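Enquirer: Shown below is the structure under consideration.
The values are calculated or read from the model by the stated rules, or taken from the named source; none is laboratory data. This one's a predicted model, so the numbers in the text were calculated from it and none came from an experiment. We place every Cβ from the backbone using ideal geometry, glycine too, and count neighbours over all the protein chains shown.
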Amino acid sequence: MTGEIYRKPVMFAIVATVVILIGTAITMFIPMLTPQMHPRLENLKPFTALQLAGRDIYQREGCNNCHTQTVRPLKTEVMRYGEYSKAGEFAYDHPFLWGSKRTGPDLARVGGKYPDAWHYRHFENPQAFFAESNMPVYEWLKDNKLDPAKIEAHMKALGFPYIPEDIELLKDKTELDALVSYVQVIGASVTKKAVPMATPAVTEKEHISNPFAGDPKAIAAGKNIFAKNCAVCHGENAQGDIGPNLTDKAFLYAEGDVPDDDYFEIINNGTTPGMIEEGRTAKGGMIPFKDTLSKDEIWSVVAYIRSIQGK
Amino acid sequence: MSDYQYDNETVKGFIISSIFWGVVGILVGLWISIQMWAPSWNIPPYFTFGRLRVVHTNGLAFGLGIGAIFGICYYITMRLTKRPLLFPKLARFHLYLFNAAIALAALSLFAGMNQSLEYAELEWPLDVGVVILWVIFAVNIFGTIIKRKEEQMYISLWFIIATVITVAVLYIVNNLSIPAGLFKSYHLFAGVNSANVEWWYGHNAVGFIFTTPILAMFYYFLPKSTGIPIYSHRLSIIAFWSLVFAYLWTGAHHLIYTPLPDWIQTLAIVFTIFLIAPSWGSVVNGFYTVGTDWSKMQTNYLTKFFILGITFYGLQTIQGPTQGLRVVSQLIHYTDWVPGHVHMGTMGWVTMTVAASIYYIIPRIYDTEIYSEKIANTHFYLVLIGQLIFSITMWITGIQQGALWKAVNPDGSLKYTFMETLVRNYPFWKMRTVGGVIFTIGMLFFIYNIFMTIRKGKSLAAAKA
């Protein structure tokens with residue numbers, strides 16, 4: 001009797017179908033019918049036309065082959081990237097773009113982390129920022145204009161709200177504009193929390209002076225680090241470019257001298273627009289370097305900047 | 001001799017096509033392996049890593065994998081049912097449509113038409129094509145089996161039937177999408193649900209493209225090559241049903257520590273561990289079969305392909321479940337460990353078994369002997385060495401990456417920047433390219449051997465006529 005099925009192909013096929021559908025139903029189909037698979041954060045917004053156009057390019061270029069978009073709830077991962085990913089962040093992601101390989105860093109919290117200008121320049125030449133980066137150059141996206149009619153069709157297909165002006169706006173935009181716009185909105189629905197630090201970089205109560213102040217070796221090292229990490233935004237001689245001129249102290253809007261440890265703080269943690277530090281309001285846009293540079297390296301950069309100021 | 005003719009032309013056509021697409025896929029693989037450590041090898045817009053990687057995976061999974069599966073399953077089915085295919089002309093049309101679809105698929109992926117679903121990247125018009133291809137395959141396989149001349153269905157036919165049914169269900173469901181133009185669509189599912197559907201598909205594509213049809217080949221060609229019957233029929237029954245039952249529960253092990261509900265992740269981990277048993281059912285069956293006469297390893301050149309293949313399958317199905325455990329996943333997920341794992345399966349198990357099956361089939365179709373066993377042995381050792389270099393370098397650098405990402409200073413801050421963890425991969429990525437070159441040379445020996453066997457067969461046939 002038990003051997004019967006191996007002589008009856010139709011019966012065999014029916015039994016095999018039932019057998020494969022059990023796990024399918026329990027782990028995939030039934031959960032789909034429950035609200036736990038369709039969460040949505042309150043302040044999550046559908047993509048705008050420009051953002052969706054950028055997401056299309058992200059898909060087209062296969063960015064998800066090298067970049068993930070999900071931060072796991074592991075301590076060091078939260079330290080490196082930011083708040084871990086929430087199920088409700090992805091309600092408008094058709095499809096999800098979590099990826100499965102981090103040849104490059106995770107991008108779940110990249111939105112708003114850097115100024116737009118940083119992204120433009122990085123897409124145009126990633127190696128200018130990180131000499132040893134293996135990211136392909138995407139400068140050519142600048143030469144491709146968007147196709148508003150196509151993007152409108154995509155918005156309609158997904159049922160995302162838009163007004164005619166949104167579509168009108170697209171005709172002067174390039175693919176690179178769209179991609180930057182998308183990258184800047186990734187993770188925007190999750191409130192940014194300060195990345196937990198084991199100990200504050202510098203104490204708040206009393207000022208710490210630069211251990212390398214005036215040390216010629218540190219200044220030379222700092223110059224080197226500056227050339228690799230800072231020059232791309234602040235100019236080769238720190239005369240200013242995307243970021244402000246660092247040689248005239250005006251960028252700090254400071255009355256009188258600014259202590260070394262404030263420089264350290266800004267380099268270490270970056271700035272956000274409107275941030276108030278010792279009575280000064282920051283314009284924002286400075287990238288945090290605590291994941292890129294060690295404390296000694298940051299102090300060396302401070303020593304270098306000091307050495308070229310007022311010259 | 002029987003009074004009917006097997007449709008050898010279609011089988012040949014599929015085998016040669018799959019070898020062709022295999023070469024394309026392997027060369028693209030070498031190219032992207034170089035791009036990993038030399039970004040200047042990216043040539044925008046068509047030949048950047050992001051576009052080429054999907055040409056590599058699709059070219060090999062669909063071009064080499066499915067092409068070989070179509071051809072070899074037709075070969076096996078005809079012999080196990082003791083009759084020609086029910087619809088030989090349809091099978092021939094199937095072959096032409098297959099090649100057209102793969103060519104268009106490759107072009108569309110170069111052009112960046114990409115659904116961003118791993119192993120389901122093809123856009124919806126091509127999905128429709130793939131479904132048509134699959135229906136043709138199913139009709140011919142089922143029709144031939146139903147009209148068979150041999151009452152008992154041998155093990156290989158069970159695996160072929162399971163493959164035909166499951167791939168159809170997987171492919172259709174995961175490719176449900178909202179069309180937004182002729183070459184653009186969006187996954188019907190969103191967010192966590194999209195992820196759950198995709199990895200239910202993605203993992204089972206591995207199960208029912210790289211496992212069940214390859215096991216069908218293994219169970220057929222191992223006894224055929226060695227002349228030893230399969231050790232235990234009962235074990236193969238248990239292994240078959242438990243494998244096809246358990247596989248479908250395990251997709252979420254690709255989503256450990258993501259926002260997918262924990263219970264789905266945990267259930268997937270449990271069934272993933274369970275999968276060791278049915279996988280090893282086939283491994284044990286293979287070893288015990290040859291175990292009745294180990295001298296076959298020396299006297300029959302194909303035995304070592306099958307035994308090494310099933311050994312890698314065994315290692316793969318121990319390593320895979322281990323990776324599913326949360327404690328292991330947190331270290332190696334998203335690192336190069338995973339490509340190391342995947343390539344042990346594809347280069348070690350799948351390619352080894354498919355190549356051995358082709359070595360068996362081609363001389364029989366052309367009524368001759370293999371051109372050179374010596375070249376076959378050289379092929380064997382080169383692909384073995386190439387694959388070991390690939391996998392081992394990726395495991396080492398994967399563990400290194402995972403450990404560096406987690407490393408903290410005594411004050412609790414992160415020890416390494418992302419760039420510092422990236423650059424340490426470069427020496428290993430370069431070694432991987434070397435492994436890939438060795439593997440490719442091995443495959444060229446294989447292709448040369450097959451080509452020369454065909455030539456020999458043709459000239460013998462001409463001499464007879």
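Enquirer: When you look at B:Leu109, is it modelled with pLDDT of 95 or more and part of a helix (DSSP H, G or I), yes or no?
Expert: On the way: modelled with pLDDT of 95 or more: yes; part of a helix (DSSP H, G or I): yes.
Yes: the conditions hold for B:Leu109.
Enquirer: Now for a separate question. Within region A:125-145, identify whether any single residue is modelled with pLDDT of 95 or more, away from chain B (no Cβ under 14 Å), crowded, with 19+ Cβ neighbours inside 10 Å and touching a Leu at 6+ places or on another chain (Cβ under 7 Å), and answer yes or no.
Expert: No: zero hits.
Enquirer: Can you give me the number of residues within region A:7-43 that are modelled with pLDDT under 95 and aromatic (Phe, Trp, Tyr)?
Expert: Total meeting the criteria: 0.
For every residue, the table says whether it meets (1) within 9 Å of another protein chain (Cβ to nearest Cβ); (2) touching a helix residue (DSSP H, G or I) at 6+ places or on another chain (Cβ under 9 Å); (3) surrounded by fewer than 24 Cβ atoms within 10 Å (Cβ to Cβ).
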| position | (1), (2), (3) |
| --- | --- |
| B:Val131 | no, yes, yes |
| B:Val135 | no, yes, yes |
| B:Ile145 | yes, yes, yes |
| B:Asn193 | yes, yes, no |
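Enquirer: Of everything in region B:428-459 that's of a type in the set (Ser, Thr, Tyr) and either crowded, with 17+ Cβ neighbours inside 10 Å or outside any helix (DSSP H, G or I) (or both), which residue is nearest to the chain's Cα centre (by Cα)? Spell out the reasoning first.
Expert: At the first step, the residues of region B:428-459 found to be of a type in the set (Ser, Thr, Tyr) are B:433, B:440, B:448, B:453, B:459.
Filter again for either crowded, with 17+ Cβ neighbours inside 10 Å or outside any helix (DSSP H, G or I) (or both), leaving B:433, B:440, B:453.
Values: B:Thr433: 20, B:Thr440: 16, B:Thr453: 25 Å.
Among those residues, the one meeting the criterion is B:Thr440.
Enquirer: For the subset of region A:75-89 comprising residues that are out of contact with any strand residue (DSSP E or B) (no Cβ under 7 Å at 6 or more places or on another chain) and of a type in the set (A, V, I, L, M, F, W, C), which member is farthest from the other protein chains (Cβ to nearest Cβ)?
Expert: The initial filter retains those residues of region A:75-89 that are out of contact with any strand residue (DSSP E or B) (no Cβ under 7 Å at 6 or more places or on another chain), namely A:75, A:77-78, A:81-89.
If we keep only those that are of a type in the set (A, V, I, L, M, F, W, C) too, we end up with A:78, A:87.
Working: A:Val78: 11, A:Ala87: 4 Å.
Once the filter is applied, the top-ranked residue is A:Val78.
Enquirer: Provide a single number: the residues in region B:205-242 that are at the interface with another protein chain (Cβ under 10 Å from one of its Cβ atoms) and aliphatic (A, V, I, L, M).
Expert: Total meeting the criteria: 1.
Enquirer: Out of region A:295-311, which residues are at pLDDT 90 or above, under 18 Å from A:Asn245 (Cα atoms) and either of a type in the set (Phe, Trp, Tyr) or assigned to a loop (DSSP other than H, G, I, E, B) (or both)?
Expert: A:Tyr304
Enquirer: If you don't mind, another one. Among the residues of region A:8-26, is there at least one that is under 30 Å from A:Lys173 (Cβ atoms) and more than 10 Å from chain B (Cβ to nearest Cβ)? Can you show your working first?
Expert: Our first condition is that a residue be under 30 Å from A:Lys173 (Cβ atoms); within region A:8-26, this holds for none.
Looking for residues that are under 30 Å from A:Lys173 (Cβ atoms) and more than 10 Å from chain B (Cβ to nearest Cβ), one finds none in region A:8-26, hence no.
Enquirer: Residues that are farther than 30 Å from B:Phe47 by Cα, out of contact with any Leu (no Cβ under 6 Å at 6 or more places or on another chain) and assigned by TED's automatic domain parsing to the domain that holds A:Asn144: list the helices (runs of 4 or more DSSP H) wholly contained in region A:4-97 that include at least 3 such residues. Talk me through it step by step, then tell me what you get.
Expert: Details: elements: A:9-24, A:49-60, A:75-81.
So the answer is A:75-81.
Enquirer: So, one more: Among the residues of region B:117-127, is there at least one that is of a type outside the set (Ser, Thr, Tyr) and more than 22 Å from the chain's Cα centre (by Cα)? Give the derivation first.
Expert: We begin by selecting, within region B:117-127, every residue of a type outside the set (Ser, Thr, Tyr); these are B:117-118, B:120-127.
Applying the additional criterion that residues be more than 22 Å from the chain's Cα centre (by Cα) yields B:124-125.
Yes, some residue in region B:117-127 is of a type outside the set (Ser, Thr, Tyr) and more than 22 Å from the chain's Cα centre (by Cα).
Enquirer: May I pose another question? Is it fair to say A:Met32 is surrounded by fewer than 17 Cβ atoms within 10 Å (Cβ to Cβ), out of contact with any Lys or Arg (no Cβ under 8 Å at 6 or more places or on another chain) and at the interface with chain B (Cβ under 7 Å from one of its Cβ atoms)? Spell out the reasoning first.
Expert: On the way: surrounded by fewer than 17 Cβ atoms within 10 Å (Cβ to Cβ): yes; out of contact with any Lys or Arg (no Cβ under 8 Å at 6 or more places or on another chain): yes; at the interface with chain B (Cβ under 7 Å from one of its Cβ atoms): yes.
Taking the combined requirement at face value, the residue satisfies it.
Enquirer: Restricting the search to region B:256-277, which residues are more than 8 Å from chain A (Cβ to nearest Cβ) and not in a loop (DSSP other than H, G, I, E, B)?
Expert: Scanning region B:256-277 gives B:Asp262, B:Trp263, B:Gln265, B:Thr266, B:Ile269, B:Val270, B:Thr272, B:Ile273, B:Phe274, B:Ile276, B:Ala277.
Enquirer: Let me ask something else about it. So which pairs qualify, if the first residue must be in region B:335-356 and acidic (Asp, Glu), the second must be part of a helix (DSSP H, G or I), the Cβ gap must be under 6 Å, and the two must be at least 6 apart or on different chains?
Expert: B:Asp336/B:Met394; B:Asp336/B:Thr397; B:Asp336/B:Gly398
For (1) surrounded by fewer than 18 Cβ atoms within 10 Å (Cβ to Cβ); (2) touching a residue at least 60 places away in the same chain (Cβ under 8 Å), each residue gets a yes or a no:
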position: B:Thr266; (1), (2): yes, no
position: B:Ile269; (1), (2): no, no
position: B:Leu308; (1), (2): no, yes
position: B:Gly324; (1), (2): no, yes
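Enquirer: Quick check on region B:381-427: of everything there that is free of Cβ contacts under 8 Å to residues at least 24 places away in the same chain and of a type in the set (Ser, Thr, Tyr), which residue is surrounded by the most Cβ atoms within 10 Å (Cβ to Cβ)?
Expert: This residue is B:Thr421.
Enquirer: Look at B:Thr317 and say whether it is out of contact with any Lys or Arg (no Cβ under 8 Å at 6 or more places or on another chain) and crowded, with 22+ Cβ neighbours inside 10 Å.
Expert: Details: out of contact with any Lys or Arg (no Cβ under 8 Å at 6 or more places or on another chain): yes; crowded, with 22+ Cβ neighbours inside 10 Å: yes.
Yes, satisfied.
Enquirer: Please indicate, with yes or no, whether at least one residue in region A:64-74 is surrounded by fewer than 19 Cβ atoms within 10 Å (Cβ to Cβ), within 9 Å of chain B (Cβ to nearest Cβ) and β-branched (Val, Ile, Thr). Show your work before the answer.
Expert: At the first step, the residues of region A:64-74 found to be surrounded by fewer than 19 Cβ atoms within 10 Å (Cβ to Cβ) are A:73-74.
Now narrow it down to the ones that are within 9 Å of chain B (Cβ to nearest Cβ): A:73-74.
When the remaining residues are screened for being β-branched (Val, Ile, Thr), the result is none.
No, region A:64-74 contains no residue that is surrounded by fewer than 19 Cβ atoms within 10 Å (Cβ to Cβ), within 9 Å of chain B (Cβ to nearest Cβ) and β-branched (Val, Ile, Thr).
Enquirer: Grab the helices (runs of 4 or more DSSP H) fully contained in region B:295-344, keeping just those with 2 or more residues being at pLDDT 95 or above, out of contact with any Gly (no Cβ under 7 Å at 6 or more places or on another chain) and aromatic (Phe, Trp, Tyr).
Expert: Numbers: elements: B:296-299, B:303-324, B:326-332, B:337-343.
Hits in region B:295-344: B:303-324.
Enquirer: Does region A:14-29 contain any residue that is over 30 Å from B:Gln152 (Cβ atoms), crowded, with 20+ Cβ neighbours inside 10 Å and in contact with a helix residue (DSSP H, G or I) (Cβ under 6 Å, 6 or more places away or on another chain)? Please lay out each step first, then the result.
Expert: If we filter region A:14-29 for residues that are over 30 Å from B:Gln152 (Cβ atoms), which is where we start, we get A:25-29.
Cutting the leftovers down to crowded, with 20+ Cβ neighbours inside 10 Å gives us A:27-28.
Then drop every residue that is not in contact with a helix residue (DSSP H, G or I) (Cβ under 6 Å, 6 or more places away or on another chain), which leaves A:27-28.
Looking through region A:14-29, at least one residue is over 30 Å from B:Gln152 (Cβ atoms), crowded, with 20+ Cβ neighbours inside 10 Å and in contact with a helix residue (DSSP H, G or I) (Cβ under 6 Å, 6 or more places away or on another chain).
Enquirer: So, in region B:147-162, exactly how many residues are in a helix (DSSP H, G or I) and either facing chain A (nearest Cβ under 10 Å) or farther than 18 Å from B:His94 by Cα (or both)? First the steps, then the outcome.
Expert: Looking only at region B:147-162, we keep the residues that are in a helix (DSSP H, G or I), and these are B:155-162.
From what's left, either facing chain A (nearest Cβ under 10 Å) or farther than 18 Å from B:His94 by Cα (or both): B:155-159, B:161-162.
Looking only at that region, the number is 7.
Enquirer: For region A:38-45, does any single residue satisfy the condition of being over 23 Å from A:Pro136 (Cβ atoms), touching a residue at least 24 places away in the same chain (Cβ under 8 Å) and aliphatic (A, V, I, L, M)?
Expert: yes
Enquirer: Pick from region A:182-233 the residues that are polar (S, T, N, Q) and either out of contact with any Gly (no Cβ under 8 Å at 6 or more places or on another chain) or modelled with pLDDT under 90 (or both): which of them is nearest to A:Val78 (Cα to Cα)? So that I can check it myself, show each step before the final result.
Expert: Within region A:182-233, the first condition is being polar (S, T, N, Q), and the residues that meet it are A:184, A:189, A:191, A:199, A:203, A:209-210, A:224, A:229.
From what's left, either out of contact with any Gly (no Cβ under 8 Å at 6 or more places or on another chain) or modelled with pLDDT under 90 (or both): A:191, A:199, A:203, A:209-210, A:224, A:229.
On the way: A:Thr191: 14, A:Thr199: 16, A:Thr203: 23, A:Ser209: 30, A:Asn210: 29, A:Asn224: 30, A:Asn229: 23 Å.
Result: A:Thr191.
Enquirer: Can I ask one more? Would you confirm whether any residue within region B:5-24 is touching a helix residue (DSSP H, G or I) at 6+ places or on another chain (Cβ under 8 Å), part of a loop (DSSP other than H, G, I, E, B) and more than 14 Å from chain A (Cβ to nearest Cβ)?
Expert: yes
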